[in-house]
Amino acid sequence: MTALYVVLGVVVLLALSVVVSYNRFVRQRNLVLESWRQVDVELTRRHDLVPNLVETVKGYAAHERTVLAGVVAARTAAVGAPSIPARAEAETQLAGSLRGLLALAEGYPDLKAAGPFQQLQVQLAETEDRIAAARRFYNGNVRALNTRVEAFPSSLVASAGHFEKADYFETDDPAVRAPVQVELT
């Protein structure tokens, strides 16, 4: 009779550990989804700033249509990207286009000195910082979920519960990884 209680106790403990592990997967998956929504909010903020920035630059640099068209096209692609990896690639293109637009502004002293352009530039810089922070938070949550999906014995619960690894929000932009150039003149 004692052996039966021991076996029953072990079965109950195993069942309880599976339930706890399953619930932890649910919490981690929801945390990944929530952190992606935070990234998405910041990316949407960037997308909302781009048309204002383009319109501000248009008045000063009307003959720079290719740069402006490139920024608009990159924004459109980023807004319509269907998956996280596609979104990451499109956002990398948009960031590159915005760097080109801001570099273009260097050639127009009146534009650089204009209040609306300066305000948009500050807002864009703040937004880029917020995107970077949200991306780090998202990728940290993805790392935690992916580790649990791959680690034993939680991988058994993951496969039984159909929990899958999430995609990181990564950039392949070499400018992001390049060393900072400092010129003292």
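The values are calculated or read from the model by the stated rules, or taken from the named source; none is laboratory data. Predicted, not measured: the structure shown is a model, and the values here were computed from it. Because the Cβ atoms are built from the backbone with ideal geometry, glycine has one as well, and the counts that use them run over all protein chains shown. The area values use the complete protein model at the heavy-atom level, side chains included, leaving out ligands, DNA and RNA. Shrake-Rupley method; radii C 1.70, N 1.55, O 1.52, S 1.80 Å.
So the values come out like this:
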item: Estimated 222 nm signal from helices in the chain, with DSSP H stretches of n ≥ 4 weighted -39500 (n - 2.57), rounded to 500; result: -28000 deg cm²/dmol
item: From phi via Karplus (6.51, -1.76, 1.60), per-residue ³J(HN,Hα) for segment 74-88 in Hz, x at Gly/Pro; result: 5, 5, 4, 5, 5, 5, x, 5, x, 9, 5, x, 5, 5, 4
item: Gaussian network model of the chain, springs between alpha carbon atoms under 10 Å - residue of Ala114, Ala88, Ala77 with greatest fluctuation; result: Ala114
item: HN-Hα J in Hz across segment 14-29 - Karplus 6.51, -1.76, 1.60, θ = phi - 60°, x for Gly and Pro; result: 5, 4, 5, 5, 5, 5, 4, 5, 4, 5, 5, 4, 4, 4, 5, 4
item: Residues Glu128 and Ala160, FRET efficiency given R0 of 35 Å [Cβ-Cβ distance, rounded to 0.05]; result: 0.25
item: Relative packing of 95-101, 6-12, which averages over residues the other C-beta atoms within 10 Å, highest first; result: 95-101, 6-12
item: Carbon/sulfur fraction of accessible area - the chain, other protein chains in place, 1.4 Å, %; result: 60 percent
item: Coordinate range along principal axes, alpha carbons of the chain, Å, largest first; result: 90, 37, 25
item: Square roots of five times the Cα gyration tensor eigenvalues for segment 32-112, Å; result: 27, 12, 9
item: Given charges at beta-carbon only (K, R positive; D, E negative), |dipole| of the chain in Debye; result: 580 debye
item: Rounded tilt (10° steps) of 115-150 against the dominant C-alpha axis of the chain; result: 20 degrees
item: Per-pair calculated FRET efficiency, R0 = 41 Å: Thr2 and Glu34 via Cβ, rounded to 0.05; result: 0.30
item: Nearest-10 value in Å² for the accessible area of Asp48, using the 1.4 Å probe; result: 90 Å²
item: Normalised convex hull volume, segment 64-160, alpha-carbon set, Å³ per residue; result: 102 Å³
item: Residues of the chain: accessible area per residue with a 1.4 Å probe, Å²; result: 62 Å²
item: Distance between segment 85-150 and segment 22-69 - C-alpha centres, whole angstrom; result: 8 Å
item: Most to least accessible of Glu128, Glu164, Glu170 (protein chains only, probe 1.4 Å); result: Glu164, Glu170, Glu128
